[in-house]
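Heads up: the structure comes next, in structure tokens.
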Amino acid sequence: MGQESSHLVDPDTPPDTLSDRSLRAVAQLIKDGRAKQVVVMTGAGISTAAGIPDFRSPKTGLYHNLARLNLPHPEAVFEIDFFRSNPAPFYLLAKELYPGNFSPTVSHTFITLLAKKGLLRMLFTQNIDCLERAAGVPADRIIEAHGSFATQRCVDCRTPFPDDLMREYVKRGEAPRCTRREACGGLVKPDIVFFGEQLPETFHSNVAVPGLADLVLVMGTSLLVHPFAGLPCRAREGVPRVLFNLERVGDMGTRADDVLVLGDCDSGIRKLADELGWRDELEATWRGIVGEKEAERQLSKSRKEGAVQDELDELDELAGHVADKLGISEGSEGEPDTNIGKQGEGAAGPPHAPSGPPEGSTAGAAAADAAELVDDGPAGPAAVPQGKDERSALGKDQQEPEAEDDDKSALSYEPLKPTTEKPITQTRADAVKAEDEGGGGGNEKPAV
Ligand SMILES: [Zn+2]
């Protein structure tokens, strides 16, 4: 993960660049023209509100469909060897996840505004849902670290396959075959990174770009999948880094100019837009892209979730009052327990730690750190157990509160993991097992 030895910055330590660690100060930096090379990193969390389903969630039906196909384990759907022998499960999933079935969120749209205003240096995304493109972020500003559904080719001879034909096959849930004249006949696969495959060259050739940033925004990612997870660390010291996520992740919060905005991405982004005076433009642009109906759908979904959270908060408060009256000090114990639980989960999930070759060592360390980190989570709901994240390596990110994980599943298209690490597969399987045994809820998102 992205966390180096993570010690949160002391609250008394003044920032180097910002006037204080707040969104207002971040907005001021932009307004003053001191942040003009913004680098954004995104994960599944920014697509949550779009409704991208978690393929493991029993409620989405995807899981059941996949189960019916006798996968050795859910992630097999994104394993290249399995795909070669049986592409059907992947195409079943692709039919659900194909671009066009979902619409961008306010968070995607904010990135579009950054680009329009000439402030976006580069966007690195782990998502394969193409929602950044759909929101209008220029293609030359997007690094799809785990590939995307935008293009496809033969897995054998690498010959590209036409987009329009692909769309038809995906609509029917069928796997196309290579159309090269010499009758290669190989399977065609979207250019999303499967386990066991290399990250796109564009990722490697742009990996130093975060070092040129004057502001870094990290949105909706658990920063557990390397090498992507190492990107925020590449920002120079003194460059403000803002995290919009349900919980603190990676080494975010360890530098003097780190600002943590914990909660769902869209809410945090709206706050930043308010501080910038961009809110009206943001909402109007977003509605223009997705349409009124979809905008209302996303908003009502988020209101419902917010209401549930409010009720939980009220219950907590009520419980606290009752405990006070009774003279029970349970509060202090309760929290620790939560943390312990989380840590346990983290530990359990052996994230792809086992070492991999290239980034292996980092990943291993990260995994270890991850367990440690967990305790700082926002205590509440949000903290998604890091254990699941490991999967994130595959693809998940968490942007949803544990409680709701099952239902909302964010789809995480994200993760496809870096294939450089062989062990991952193993890990994943282990993780799955661990989770199943541990009764871990739905965190996992598909690797996709
Ligand atoms: Zn071919």
Check your understanding: Exactly which trypsin sites (Lys or Arg not before Pro) in region 182-241 are in a DSSP loop and have at most 12 other Cβ atoms within 10 Å?
Key -> R236
Check your understanding: Where a ≥ b ≥ c are the square roots of the eigenvalues of the C-alpha gyration tensor, would you call region 265-307 rounded, which needs a/c under 1.5, or, failing that, prolate if a/b is larger than b/c, or oblate?
Key -> oblate
Practice item. Mind sorting L315, L246, L18 by how few other Cβ atoms lie within 10 Å of their own Cβ, fewest first? Key: L315, L18, L246
Point to revise | Rg(Cα) / (2.2 N^0.38 Å) computed for region 106-232, rounded to two decimals | key: 1.19
Practice item. Counting residues in region 173-269 as N, plug N into 2.2 N^0.38 Å and put the Cα Rg over that result. Key: 1.49
Point to revise | GluC sites (Glu not before Pro) restricted to region 213-280 and DSSP loop, no more than 12 other C-beta within 10 Å | key: E237
Study note, to complete from the structure: Per-residue Cβ contact counts at 10 Å, fewest first, order I143, I80, I289, I128 as I80, I289, I143, I128
Practice item. Based on other C-beta atoms within 10 Å, arrange D310, D251 from fewest to most. Key: D310, D251
Check your understanding: Are any of the pairs K31/K117; K116/K293; K271/K293 more than 19 Å apart by Cα-Cα distance, and if so, which?
Key -> K116/K293; K271/K293
Check your understanding: When only DSSP loop residues count, what trypsin sites (Lys or Arg not before Pro) in region 114-187 have their Cβ near at most 12 other Cβ atoms within 10 Å?
Key -> R158, R181
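FYI, it's all coordinate maths here, none of it is from the lab. What you see is a predicted model; the values in this text were computed from it and never measured. Quick reminder, even Gly has a Cβ in these numbers, built from the backbone with ideal geometry, and neighbours come from all protein chains shown.
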